[in-house]
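Taking it in order: structure first as structure tokens, then the write-up.
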Amino acid sequence: MRNKVTKAILPVAGLGTRFLPATKSIPKEIMSLVDRPLIQYAIDEAREAGIKEFIFVTSRGKGALEDYFDAAPILETSLRKQNKKEMLQALKRTTMESGEIAYIRQREPLGLGHAVWCARRLMRNNEPFAVILPDDVISADTPCLKQMIDAYQEIGGNMVATMEVPASEAGSYGLLDVRGEIGKLMSVKGMVEKPAPGQEPSNMAVIGRYILTPNILKNLGQKMIGSGGEIQLTDAIAHEIEVSDNVYGYRFDGRRFDCGSKAGFLKATVAFGLAREDLRDEFGAFLRDLVASGGAAE
Ligand code: G1P
């Protein structure tokens with residue numbers, strides 16, 4: 001029996017500059033698809049996959065995230081008085097028990113790999129852990145991380161979520177050099193972060209869900225500088241391929257939205273809006289009319 005994956009690192013230190021001015025005073029991760037912040041999607045997915053402890057790697061200006069996961073006694077008392085059960089239920093998913101969540105500061109923006117490394121002291125030596133990038137919102141019947149943890153229980157090693165992306169976009173991702181494929185699992189012989197045009201090993205992109213062994217934290221400790229002058233998680237995983245050859249891609253079932261981009265965020269808003277029973281009819285009719293009339297708001 002393998003060690004259970006019960007801890008997740010959530011890197012949330014980014015400045016969110018692509019969403020300025022919205023992100024001037026609120027963390028990007030609090031921005032909402034309909035009425036659920038991006039970070040809530042990540043936490044819900046993780047909980048359904050059996051994650052019990054959450055480590056947030058934050059930076060200055062992310063205080064609203066800590067408040068979001070805290071108890072809100074005044075709000076709760078007021079809702080209880082008004083007997084607003086549904087709202088109380090919705091709030092319940094947002095609160096964390098003391099000790100269930102930890103916050104670590106990344107003092108300098110040195111890259112995703114560095115952010116993950118910042119959490120190293122909270123991990124145990126033999127324990128696998130998950131990394132979730134909240135910008136990647138994945139809608140799936142079985143949550144993506146759960147699909148991966150189930151596969152991990154069979155095969156172990158290091159695992160990254162992957163999907164095929166159009167050739168024109170491949171250079172914006174970590175890409176897999178695939179050796180072979182059995183079912184949803186890919187054996188990986190190399191990985192490269194945002195390669196230059198013409199250097200792409202494949203169109204199989206790394207998506208923001210990882211299950212990693214503690215060795216990755218050791219590799220990150222070497223502070224190798226990679227793409228964009230930053231310490232890259234992809235490089236630390238690629239190193240593990242050379243040393244242990246135990247890295248797999250997992251072609252997940254589900255639909256991924258790139259909520260780190262404006263267009264992706266809008267697509268997700270529309271898709272999740274249409275998925276809501278209470279909004280579907282009105283919103284769907286509005287969209288049909290809008291498309292038919294070609295109308296846009298000024
Ligand atoms: C990060 C990773 C990259 C991965 C991507 C998925 O890049 O470094 O390997 O493909 O997330 O969303 P970022 O989007 O933060 O530049």
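The values are calculated or read from the model by the stated rules, or taken from the named source; none is laboratory data. Remember, it's a predicted structure, so these values are computed and weren't measured experimentally. Methodologically, a virtual Cβ is constructed for each residue, glycine included, from the backbone with ideal geometry; neighbour enumeration extends over all protein chains shown. These accessible areas exclude ligands, DNA and RNA; they are computed on the full protein's heavy atoms, side chains included. Shrake-Rupley method; radii C 1.70, N 1.55, O 1.52, S 1.80 Å.
Within region 82-124, the trypsin sites (Lys or Arg not before Pro) that combine a DSSP coil assignment with at most 15 other C-beta atoms in a 10 angstrom radius are LYS84, ARG93, ARG107, ARG124.
Could you list the GluC sites (Glu not before Pro) in region 50-81 that lie in coil according to DSSP, counting only those with at most 15 other Cβ atoms within 10 Å of their Cβ? Kindly include the intermediate steps, with their values, before the conclusion.
Values: sites: GLU53, GLU66, GLU76; in loops: none.
Taking region 50-81 and a limit of 15 other Cβ atoms within 10 Å, no loop GluC sites (Glu not before Pro) are found.
With the simple spin-label model, which puts each label point 7 Å out from Cα in the Cβ direction, the GLU127 to LYS85 separation comes to 3.7 nm.
On a per residue basis, the chain carries 53 Å² of accessible surface, using protein heavy atoms and a 1.4 Å probe. May I ask you to give the percent of accessible area on the chain that is carbon plus sulfur, with a probe radius of 1.4 Å? Ligands and nucleic acids excluded, carbon and sulfur reach 51 percent.
Legend: calculated FRET efficiency, GLU108 to GLU277, from the Cβ-Cβ distance at R0 = 51 Å, rounded to 0.05, equals 0.70. Here's the list of lysines a cross-link from LYS146 could span, going by alpha-carbon distance under 26 Å and ignoring same-chain residues fewer than 8 apart: LYS4, LYS7, LYS28, LYS52, LYS92, LYS184, LYS189, LYS218, LYS267. Here the Debye sum runs over all C-alpha atoms of region 152-203 as equal scatterers in vacuum, and log10 of I(q)/I(0) at q = 0.27, 0.28 Å⁻¹ comes out as -1.11, -1.17. Binning all Cα-Cα separations of region 11-88 at 5 Å, short to long from zero, yields these whole-percent fractions: 3, 13, 19, 21, 19, 14, 8, 2, 0.
Note on region 90-186: percent of Cα-Cα distances in each 10 Å bin, starting at 0 and stopping at the bin with the largest distance, equals 10, 33, 40, 16, 2.
Compactness check for the chain: Cα Rg over 2.2 N^0.38 Å is 1.03. Centre-to-centre, using Cα atoms only, region 71-119 and region 150-224 are separated by 30 Å.
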